[in-house]
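What follows is one structure encoded as structure tokens, with my remarks underneath.
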There are 2 protein chains.
Amino acid sequence: MPMPAHVQVSEPAQSLKIDTAFTISAGGPGASDPRVQSALVRTLRSVRRQTGLMVSPQPSAGDAATTLKVSVAAKDHPAPQRLGDNEHYTLQVTGTQATLTADAPLGALRGLATFLELIELTPQGFSVPALSIDDAPRFPWRGLSLDCSRHFVPLPDLRRTLEGMSLVKLNVFHWHLSDDQGFRVESKRFPKLQELGSDGLYYTQNQVRGLIDYAYSLGIRVVPEFDMPGHTTSWFVGYPELASAPGPYSIERKFGIFKPTLDPTREETYQFLDEFLDEMTSLFPDEYFHVGGDEVEPDQWKANARIQAFMKQHGIPDEPMLQAYFSRRVQQLVSKHGKHMIGWDEALQPGIPKTILIQSWRGPQSLAVAARQGYDGLLSAGYYLDLMQPASQHYAADPLHGETAALSPEEQKHILGGEGAMWMELASPENIDAKLWPRLAAIAERLWSPASLTDPVSMYQRLASTSQWLEFNGLMHRAGLRLMVERLAPGASVVPIERFADVLEPTKGYTRNENGEKYTQSTPLNRLVDSIPPESDPAREFRMLVDHYLDNAANPQMASADLARIEADLRRWQSNLDAVRPLFSRSALLADCSGVADRLASILKTAIDAAEALRKGQHLTASETNARLARLDSDYVVEDEMLIQIQPAAKRLVMSLRPKK
Amino acid sequence: MPMPAHVQVSEPAQSLKIDTAFTISAGGPGASDPRVQSALVRTLRSVRRQTGLMVSPQPSAGDAATTLKVSVAAKDHPAPQRLGDNEHYTLQVTGTQATLTADAPLGALRGLATFLELIELTPQGFSVPALSIDDAPRFPWRGLSLDCSRHFVPLPDLRRTLEGMSLVKLNVFHWHLSDDQGFRVESKRFPKLQELGSDGLYYTQNQVRGLIDYAYSLGIRVVPEFDMPGHTTSWFVGYPELASAPGPYSIERKFGIFKPTLDPTREETYQFLDEFLDEMTSLFPDEYFHVGGDEVEPDQWKANARIQAFMKQHGIPDEPMLQAYFSRRVQQLVSKHGKHMIGWDEALQPGIPKTILIQSWRGPQSLAVAARQGYDGLLSAGYYLDLMQPASQHYAADPLHGETAALSPEEQKHILGGEGAMWMELASPENIDAKLWPRLAAIAERLWSPASLTDPVSMYQRLASTSQWLEFNGLMHRAGLRLMVERLAPGASVVPIERFADVLEPTKGYTRNENGEKYTQSTPLNRLVDSIPPESDPAREFRMLVDHYLDNAANPQMASADLARIEADLRRWQSNLDAVRPLFSRSALLADCSGVADRLASILKTAIDAAEALRKGQHLTASETNARLARLDSDYVVEDEMLIQIQPAAKRLVMSLRPKK
């Protein structure tokens, strides 16, 4: 995962043995590229991690016995990596050798990731199945946008995230570095930005350079985002004169959309931004530079008489047009410093040059509008990982669906790809891996693999093994949550809590922090809702089991086996309630779970009654059914910020008890 | 853990709340010590990790509301840390504040570790119990000797190990840097040492300095060991002229005791060592320097006519005396470079100056002999973590037991402490945490806490929570093994394998690699025996349960409850065999487990029969009992390098069925 564009498995089935003698070598003009060289070493380390085999830590010189021969046809341009750099590769595996050929260094990196994921354990040992792959990405821009402002993400966590991205062939790290809640990068020109705007939690320029170098070695571009003119409270702590209303300002601790906004009418603002961009465009070598532009509240502009006078004087009719004016000015500055500007949907304003790139949080419609006008676009709507949606939902989102599907082939070329987006209001370094993985792998497949690949069942099957593979390569999405679950009741077995959590998921969308009232930057994120995955595999599997049972009712033997499993699952969850409830009173972190347990008990009772009735061939009257459905619905509410995700399957069971027409 | 020297819990019980407002500050002349400053930051990070609370990442200036006030009475001498540096501290916790006072910076580090381990989760939230502690170590030298030659240990793993050591107040990292199987440090004077002797797996001098600095910040001394004149094959790959027999040499891949030995009769050897020591004693600032000296095979010396002639000429009667000659010469060189020499037992030779330190792998007797002669000594016998012994066994070993107990108080002062030792023949970076932890914490307590603390039951209770605490602080002893277990059968649930492993432990002592035949440096360490802890908690708990049952047979109610639990445990392991066996044929890494499962099935059947008979009040004849005991014994053999550790409890059950006299 992502599934290659073309795969042909060899017939008859053969496999290449992977043992301690495993070696790897690279040849061809592009093999000396430092990215290829470091990828070889990294691949050997991954083989050791995945298999436990003591393979040589260094690539071989490439004699005939080399297990995996890499050939890189061409050298590449100097750093930085650019949009559209060639990522094509082919991989041939026979019973005796594997051969990876790439047009350019990036293709070698992508092919090595594919090879690693193909390693499997069989009764005979580790091996890679013989096959032939010809692979290249569907979209050239496949990114992750990560908010490091709402909660700071330390460097080791970023490095680990980049490693995971590289394994699933994502190639853009979009680094959201400033927002109301924190300015996260060192400015030497304007040091009060980080000194007063970050609580000391920022990346030094040396650290930034180090991370960019590391990302480059992994085949990942780094695109910084400094969101403006809104989302800028943290700037104003040190530089209140930039704001549209008088200060003083302090770092915003709540989450939401706030009023502080750059003053777009003062030339000093642009002088500041000119110097600031001069510094930051040098620090970040990518050809693109993101200036945000989303969610601007007009209040400060409306309340400021000088700004209103400026608008009249310059014939600017309203605040959106004032933002358009600001956006054009900023675009000129970004362009002056040699970069393409990226902005969120709002940046698409009349008169903006075609060189800008629109990133859409609104949806394909914005992109279609932009593409028709000749603007490049990226889709992020549908890929918001902080909404706690299932992988299947992200997987179904496609940059060329909906309005963009109707574009001409020429217009569609403006759709460069998409980005997963992780906003960090309700996530911390401790659970960031679980917020990103494995769901981000499904998005990566959507952006890399053929559009025709849409089956969620196949996706989930492959996602399970990809998830495990990622953990062998250092990601912590399961181990991290496990430790968090242990924290909930130290010294107790985690089994009852994990079984309780089987049926639970965090509430979806932005309901956890409705109206921005409940959470601030310092609210602990250490309760059960923070310690469980966004998506419950056991709950999904139970829903599939119920579907399978109901869809195959005509086959009595199969139905009876399914029903027995359904009852066993339900009773296991039911008896587990007795094991988990005593923990609630022992731990402040679990104290709020009693209500969830009560609702779960009610759902389980209804579901078990239904399953028993089905086993006995009984039916209910319409009014009995409705009463039960109503009870199930009344228990399907957000409690302690979680939802009981076996409820939909319980409803289907009850509905099937309705008298047949 | 380690238990402080003096603890007094406040009456009535109170506790200090730990919430997001938690702050920490340090004052007093020693507070500006960089070790104290970094310990404050580290402590705040640990509070975040342990609790998930978003506490400030930076220490406070120390206003009245500070939660934990640290006061450090005196500045310290410049780096490096020295033997005997003051580690005393007191910690007062009330319902409103905690006060840590230390004589010197190291005491602050030790007290902060204590504070961290005291944080607990209650129904009301996180808190520290109100109490009063006055604490200082029993021994000034509390170390871990880690072999980085047999298998190279990468720097991140070393850093993590140092962090764990610091948490349990160990203060010496003894770095075993060279052996037959690899020379692991960069020499600029003699670069062929690492270039030809390490497979590219060595620490650069910059990395060494970085690790020493890091250890210093954690309150840990770094003592290097370059083992000589034996254990030196890897030196001879680049410098065969140093050996006592002609080359060429290659890195030794097997494990054991080998013949290649430095030539102690050539002056060039000492010139080489003089230059080498000049370089290495500068690189390693500690006042002690370890030159090994153990397990010298005389074969090369006996076979070399020139060496034999030298011995005659100088009146050296035999090879041990030739080693004594070498040892004196090396001691003079070490001394010339300003260091105290450390050697293993064999270094204690007539005429060696009293400034040397003897580290005993043989036992207290060697130390007693040395101490009577006025030599300082360290105990490592009893603390060999690679023997896979239970924590209780290490806990029972004491530097002042046996022969050393009989020393005069003055002589006992020569016993400086001890070191856990981890030899890495059968361990890899992947499972090193599980080989070290949590058992090393029991050794740390032995060396820090009062000698009177000897109850293994209390130790195991505290060890369980310490183990969890260590994982919250970044150690991987459980998470690492869990991933290894997952590797054994990818895609399968780990539950059946973990339950199967409940009853298993790796075989003890050096039986896994008897005669050095089976393992080389490249043998994979990825089977079940490598993926389980040295000591099984469930097996130990089962043995305790059986003991409790048999000891309380007079109380029918208690006995009946115990017996029910015993039967339930046994039947769960029995039914699990059906779940785990199918995995054996799917995975090459589990293929050898069938024999273990067969023996386990046999033991379980005998034990279940015995439990049933006990429940029914039946007895067996002596010959029936003996037959069953014989069967149990025949199943208690090493199979696939593991032992079934519920067998002793099964035996006790059967024995209790014997007819009463």
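The values are calculated or read from the model by the stated rules, or taken from the named source; none is laboratory data. Everything numeric in this text was worked out from a predicted model, so none of it was measured. Here Cβ is always computed from backbone atoms with ideal geometry, including for glycine, and neighbour counts include all displayed protein chains. Each accessible area value is taken on the protein alone, full model and side chains, heavy atoms only, with ligands, DNA and RNA left out. Shrake-Rupley method; radii C 1.70, N 1.55, O 1.52, S 1.80 Å.
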Exercise for the section: Ignore the peptide's own chain and count Cβ atoms of other chains within 10 Å of each Cβ in A:120-127; give me the average, rounded. Expected result: 5
Practice task
Work out Dmax and Rg for segment B:34-82 from the C-alpha atoms and quote the Rg first, both in angstrom.
Solution key: 13.0, 37
Problem - Accessible solvent surface per residue of chain B, calculated while the other protein chains remain in place, 1.4 angstrom probe, Å² - result: 36 Å²
Handout entry: Interface residues in segment A:452-486 - accessible area drops by 40 Å² or more relative to the isolated chain, probe 1.4 Å
Key = A:GLN468, A:PHE472, A:ARG482, A:LEU483, A:GLU486
Problem - Exposure rank, largest accessible area first [A:MET655, A:MET642; 1.4 Å] - result: A:MET655, A:MET642
Fill in the blank from the handout: Per the C-alpha gyration tensor (a ≥ b ≥ c, the square roots of its eigenvalues), chain A is rounded if a/c is under 1.5, else prolate if a/b beats b/c, else oblate; here it's oblate
Problem - B:ASN206-B:ALA13 FRET efficiency (beta carbon distance; Förster radius 41 Å; 0.05 resolution) - result: 0.20
Problem - Stretch gain in nm, segment A:LEU155-A:GLU275, where the contour uses 0.36 nm per residue and the Cα spacing is subtracted - result: 40.6 nm
Handout entry: segment B:84-205: relative contact order in percent, alpha carbon pairs under 8 Å with at least 6 residues between
Key = 20 percent
Exercise for the section: Compute the separation of the alpha-carbon centres of segment B:549-565 and segment A:136-165 and state it in Å as a whole number. Expected result: 58 Å
Problem - Chains A and B, summed buried accessible surface - 1.4 Å probe, Å², nearest 100 - result: 3100 Å²
Completion exercise
Pseudo-spin-label distance A:ARG572 to B:GLN557, built 7 Å along Cα→Cβ, given in nm, is 3.5 nm
Handout entry: Cα centre as origin, Lys/Arg/Asp/Glu Cβ charges: the protein assembly as shown dipole, Debye
Key = 1660 debye
Handout entry: Mean Cα-pair separation over length for segment A:494-628, i.e. relative contact order, pairs under 8 Å, 6 or more apart, %
Key = 25 percent
Completion exercise
Under a 1.4 Å probe, counting only protein heavy atoms, A:HIS401 has an accessible area in Å², nearest 10, of 90 Å²
Problem - Label 7 Å beyond Cα on the Cβ vector: A:MET544 copy-to-copy distances, nm - result: 4.1
Exercise for the section: Would you be so kind as to identify which of B:TYR549, B:LEU525, B:ALA539 lies farthest towards the positive end of the dipole of segment B:524-571, taking Lys and Arg as +1 and Asp and Glu as -1 on Cβ and the Cα centre as origin? Expected result: B:LEU525
Problem - 7 Å along Cα→Cβ, label-point gaps from A:GLU275 to other copies, nm, shortest first - result: 5.7
Exercise for the section: Could you work out how far the C-alpha centroid of segment B:432-475 sits from that of segment B:597-661, in angstrom? Expected result: 32 Å
Exercise for the section: Apply the Kirkwood formula to segment A:499-548: the hydrodynamic radius equals the inverse of the mean of 1/r over all pairs of different alpha-carbon atoms; give it in Å with one decimal. Expected result: 12.7 Å
Handout entry: Partners for A:LYS259 among lysines (Cα-Cα distance below 24 Å; same-chain residues under 8 apart left out)
Key = A:LYS192, A:LYS302, A:LYS312, A:LYS518
Completion exercise
Rounded to the nearest 5, the percent of DSSP beta bridges in chain B running antiparallel is 40 percent
Handout entry: Mean projection area, nm², convex hull over Cα of segment B:261-335
Key = 5.0 nm²
Exercise for the section: Whenever you get a sec, line up A:SER623, B:SER380, A:SER458 from highest to lowest accessible area (probe 1.4 Å, protein heavy atoms). Expected result: A:SER623, A:SER458, B:SER380
Exercise for the section: Would you mind telling me the antiparallel percentage of the DSSP bridges in the protein assembly as shown, rounded to 5? Expected result: 40 percent
Problem - Calculated label separations, A:PRO450, copies of the chain, 7 Å along the beta-carbon direction, nm - result: 7.6
Practice task
Over every pair of different alpha-carbon atoms in the protein assembly as shown, take the mean of 1/r and invert it; report that Kirkwood radius in Å.
Solution key: 34.4 Å
Completion exercise
So the FRET efficiency between B:HIS337 and B:ALA305, C-beta based with R0 = 30 Å and rounded to 0.05, is 0.35
Handout entry: At least 10 Å² of accessible area lost relative to the chain alone, listed for segment B:52-69 with a 1.4 Å probe
Key = B:GLY52, B:LEU53, B:MET54, B:PRO57, B:GLN58
Completion exercise
Yeah, segment A:1-99 with a ≥ b ≥ c from its alpha-carbon gyration tensor (a/c under 1.5 is rounded, else prolate when a/b outruns b/c, oblate otherwise) is oblate
Problem - Relative contact order (percent, whole number), chain B, Cα cutoff 8 Å, 6+ residue spacing - result: 11 percent
Practice task
With both partners inside segment A:7-159, how many of the DSSP beta bridges are antiparallel, as a percent to the nearest 5?
Solution key: 70 percent
Practice task
Within segment B:467-503, report the GluC sites (Glu not before Pro) that DSSP leaves as loop and that have at most 15 other Cβ atoms within 10 Å.
Solution key: none
Handout entry: Identity and axial distance of the chain B residue whose Cβ lies nearest the axis relating B to A, Å
Key = B:ALA479, 2
Exercise for the section: Provide the packing ranking of B:512-519, A:236-243, A:188-195, i.e. peptides ordered by the mean count of other C-beta atoms within 10 Å per residue, highest first. Expected result: A:236-243, A:188-195, B:512-519
Problem - More than 14 Å apart - percent of Cα-Cα pairs taken over segment A:77-130 - result: 58 percent
Practice task
State whether segment A:335-386 is rounded, prolate or oblate according to the following rule on the C-alpha gyration tensor (a ≥ b ≥ c being the square roots of its eigenvalues): a/c under 1.5 gives rounded; otherwise a/b larger than b/c gives prolate, and the remaining case gives oblate.
Solution key: oblate
Problem - Carbon plus sulfur fraction of accessible area for chain B, probe 1.4 Å, in percent - result: 54 percent
Exercise for the section: Compute the accessible area of each residue in segment A:559-594 twice, once for its chain alone and once with every protein chain present, using a 1.4 Å probe on heavy atoms, and list those whose area falls by at least 30 Å². Expected result: A:ARG586, A:ALA588
Fill in the blank from the handout: Among the Cα-Cα pairs of segment A:518-661, the proportion with separation greater than 18 Å, in percent, is 60 percent
